[in-house]
Each structure stands twice: as C-alpha cells, then as structure tokens.
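So the structure is just underneath, and the comments pick up after that.
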Amino acid sequence: MLELTLLFVRHGIAVERDVFAGSDGDRPLTAKGEKKTQQVAQRLLEVGLEAELILSSPLLRSRQTAEILLEAGVASDLMFSDLLTPTGSFSAWLTWLERWRQQHDGALVVVGHEPNLSHWAELLLWGKALGHLQLKKAGIIGLTLPPVDRDPVANSQLFWLTAPKLFI
C-alpha cells in the first residue's frame, strides 16, 4: 500500500469573465495562459514529477490546461470529471479517489478551479478548510497522501506550494 503523490494544478490564465461574451464554462486560456502553462509543464518534467493520470474539470480553461500537461508528457492519460467543476463536491471526489487508488498506484494530477483546490488541499492537510492556502493560476499544490488503508483527510503532507512565477 503506497503513498500517493497528488498535484493540484489550477487552470492557466483565462479570458476575464467581464470581457467574455460566452458562458463561464467556455472561457479559454489566453495566449499568456497557454505559454505559462507550457512552461510549468516543462518544469514539472525537469524536476521529475510525472503522473499516471490527469483528472480535469471539463470547463474549457481547465481542459486546455490539462491537454497542455498531457502533450508535454506530464502524464500518460487524461480524464474529465464534473466532480472538478466549481460546484464540485470534495466528498464525491474523495470517493472517486478511493476507488481509483484501489487499482492504481501512480501519481495523480488534478486540474481545476479555486477556491476548490486550495480548500480541498486544506481538508487533506488539516481536516478543515481554513482559507490559508491560495493557488494562483497555473500554480501547484503538491501533497503526499497516506497509503490507501488510511484516511487521507487530516493525514496528508504538503511538499509543494508555488505560484508559476516562482517555478518558471
């Protein structure tokens, strides 16, 4: 029963809501957002962080971020889940994670939105969302979750928290 390396990655810089005519779910990454995300992906590879799966919100900005990570080789597979939309449920995602871990032991990258990702990281670290962590666009929170036979809530360890400007 191995520990799990989990990377929470916030989507890259997207077109602002107030200037985008379409729905929130259709807001794309900006050119700057794509470039920063590509740079982050390259740095992940340079430091040896590779995953078995990227699990991403289906909203366009997250999909594009996940696809950039996949194309760079950060993971070998990509899957989309409504659990990672801004209205996603931590408990439902945790149930998915427990099932996934029963059959997989590779690292996992989760691409999504704020404040969910930082709140979920806090739940995994301290058992409650305190609002102390903030994940910048294309930023990363790296956690080590205990073996699958232990509850990860309040039993996980932080090994990485960085904004992209400090990483690229």
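Just give me the residues in region 98-118 being more than 12 Å from the chain's Cα centre (by Cα) and part of a helix (DSSP H, G or I), in sequence order.
Result: 98, 99, 100, 101, 102, 103.
Does residue 8 satisfy being in contact (Cβ under 8 Å) with a residue 60 or more places away in the chain, within 24 Å of residue 101 (Cβ to Cβ), aromatic (Phe, Trp, Tyr) and out of contact with any Asp or Glu (no Cβ under 7 Å at 6 or more places or on another chain)?
yes
Inspect all residues belonging to region 148-162 and state whether any of them is closer than 18 Å to residue 12 by Cα, among the aliphatic types (A, V, I, L, M) and open to solvent by 20 Å² or more (accessible area, probe 1.4 Å).
Yes - at least one qualifying residue is present in region 148-162.
Give just the number: which of (1) among the aliphatic types (A, V, I, L, M); (2) open to solvent by 40 Å² or more (accessible area, probe 1.4 Å); (3) within 13 Å of the chain's Cα centre (by Cα) does residue 140 not satisfy?
Answer for residue 140: the failing condition is (2).
Among the numbered conditions (1) assigned to a loop (DSSP other than H, G, I, E, B); (2) of a type outside the set (A, V, I, L, M, F, W, C); (3) in contact with a His (Cβ under 8 Å, 6 or more places away or on another chain), tell me where residue 122 comes up short.
Every condition holds for residue 122 apart from (1).
Looking only at region 45-75, how many residues end up being more than 14 Å from residue 29 (Cβ to Cβ), in contact (Cβ under 8 Å) with a residue 40 or more places away in the chain and out of contact with any Gly (no Cβ under 9 Å at 6 or more places or on another chain)?
Final tally of qualifying residues: 1.
For every residue, the table says whether it meets (1) surrounded by 20 or more Cβ atoms within 10 Å (Cβ to Cβ); (2) closer than 26 Å to residue 167 by Cβ; (3) β-branched (Val, Ile, Thr).
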position: 52; (1), (2), (3): no, yes, no
position: 58; (1), (2), (3): no, yes, no
position: 63; (1), (2), (3): no, yes, no
position: 85; (1), (2), (3): no, yes, yes
position: 118; (1), (2), (3): yes, yes, no
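Taking region 28-50 as the search range and keeping residues that are touching a helix residue (DSSP H, G or I) at 6+ places or on another chain (Cβ under 7 Å) and under 15 Å from residue 142 (Cβ atoms), which one is most open to solvent (accessible area, probe 1.4 Å)?
45
The values are calculated or read from the model by the stated rules, or taken from the named source; none is laboratory data. Being a predicted model, the structure only gives us computed values, none of them experimental. When we count neighbours, we look across all protein chains shown, and the Cβ atoms used for this are built from the backbone with ideal geometry, even at glycine. Note: accessible area is taken over every heavy atom of the protein model, side chains too, but ligands, DNA and RNA are not part of it. Shrake-Rupley method; radii C 1.70, N 1.55, O 1.52, S 1.80 Å.
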